[in-house]
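The values are calculated or read from the model by the stated rules, or taken from the named source; none is laboratory data. Predicted model, so just to flag it, every value in this text is computed and none were measured. No Cβ is skipped: glycine too gets one built from the backbone with ideal geometry, and neighbour counts run over all protein chains shown. SASA here: full protein model, heavy atoms, side chains in, ligands and nucleic acids out. Shrake-Rupley method; radii C 1.70, N 1.55, O 1.52, S 1.80 Å.
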Amino acid sequence: MTTPDAGPEPKTILITGASSGLGAEMARQFAALGYDLALCARRTDKLEAVRDEVLAADGARRVEVRALDVTDDDAVFAVFQDFASTFDTIDRVVVNAGLGKGAKLGTGGHRANRQTAMTNFVGALAQTDAALEIFRRQNSGHLVMVSSVAAVRGMPGTTATYAATKAAVAHLAEGVRADVHGTPIKVTVLYPGFITSEMNDGTNGNPPMIVSTEKGVRAMVTAIQKEKDSAFVPPLPWAPLSVVMRHAPMGLYRKLV
Ligand SMILES: NC(=O)c1ccc[n+]([C@@H]2O[C@H](COP(=O)([O-])OP(=O)(O)OC[C@H]3O[C@@H](n4cnc5c(N)ncnc54)[C@H](OP(=O)(O)O)[C@@H]3O)[C@@H](O)[C@H]2O)c1
């Protein structure tokens with residue numbers, strides 16, 4: 001409901017993996033746009049720091065934080081339902097929690113690959129299922145899936161499993177889009193390029209064409225606000241580069257990745 005005095009009612013965005021990197025910065029930027037925040041991750045001290053920072057900038061915002069390990073299916077459903085009861089309406093869910101661990105296949109690193117697969121795909125599956133329960137009940141909502149440019153084509157070495165999980169979540173979101181086509185429920189898939197975060201903190205050397213957290217997340221927020229079906233973020237250089245990555249002959253591709 002809108003009253004002349006109160007202004008438009010704030011929208012609520014639920015962000016997973018909001019304790020650091022892109023998730024924490026999305027929280028800051030969406031709060032600055034007037035959103036109330038439902039934030040979760042495993043490290044509640046970091047979530048509380050994000051909450052305190054947001055509230056210091058704008059005391060009118062409402063920020064709720066919950067501990068959540070996205071590999072615990074039951075907890076994903078419970079925390080999402082808890083947020084839905086607390087806020088009445090959840091306008092957006094950003095499936096963002098992710099892990100970049102990995103080992104070259106066949107080199108004894110199955111544990112790291114499995115952990116990445118369980119977090120990035122099975123965890124995202126539970127989050128998508130839990131979000132859709134809420135959106136179907138509301139008959140509205142916007143699902144945002146954080147994939148990666150690594151989803152464009154199979155990746156070698158330590159990134160093979162990670163890339164496969166990011167292709168899988170993009171495919172999952174496309175399936176949901178087909179399911180909800182013609183309804184008020186919308187789906188966006190984001191394909192971030194390299195953006196500074198804990199995952200990409202420069203300790204292993206900076207990846208090429210990396211941008212600051214603030215700049216990269218600004219591009220993500222813009223695409224989300226426009227409810228685009230899909231977007232490379234930032235668009236340059238990643239949108240054109242993704243075409244090269246997808247179609248390059250293997251010899252050239254191996255030099256690129
Ligand atoms: N940065 C990039 O260049 C880039 C590029 C493409 C895609 N992405 C994607 O962007 C997303 C955010 O990553 P980031 O770059 O911001 O890295 P990050 O700073 O390492 O943040 C990852 C977030 O995911 C959370 N997380 C990890 N495992 C979790 C679990 N089991 N349960 C709940 N939360 C978990 C972490 O929180 P806790 O540890 O507190 O649980 C943290 O908040 C990921 O999906 C990543 O794949 C990033």
Residues of the stretch 166-176 being surrounded by fewer than 18 Cβ atoms within 10 Å (Cβ to Cβ) and in contact (Cβ under 8 Å) with a residue 12 or more places away in the chain, in sequence order, are GLU174
State the number of residues belonging to the stretch 214-243 that are touching a Ser or Thr at 6+ places or on another chain (Cβ under 8 Å) and either modelled with pLDDT under 95 or surrounded by fewer than 20 Cβ atoms within 10 Å (Cβ to Cβ) (or both). 4
Yes or no: ALA163 without any contact (Cβ under 8 Å) to a residue 24 or more places away in the chain, in contact with a helix residue (DSSP H, G or I) (Cβ under 6 Å, 6 or more places away or on another chain) and either among the acidic types (Asp, Glu) or within 16 Å of the ligand (Cβ to nearest atom) (or both)? yes
Might you let me know whether the stretch 148-171 holds any residue that is touching a Leu at 6+ places or on another chain (Cβ under 7 Å) and among the β-branched types (Val, Ile, Thr)? no
Within the bounds of the stretch 250-257, is there any residue that is in contact (Cβ under 8 Å) with a residue 40 or more places away in the chain and within 19 Å of ASN120 (Cβ to Cβ)? yes
I'd like to verify a number: residues in the stretch 118-159 that are open to solvent by 20 Å² or more (accessible area, probe 1.4 Å), outside any helix (DSSP H, G or I) and not hydroxyl-bearing (Ser, Thr, Tyr), how many? 6
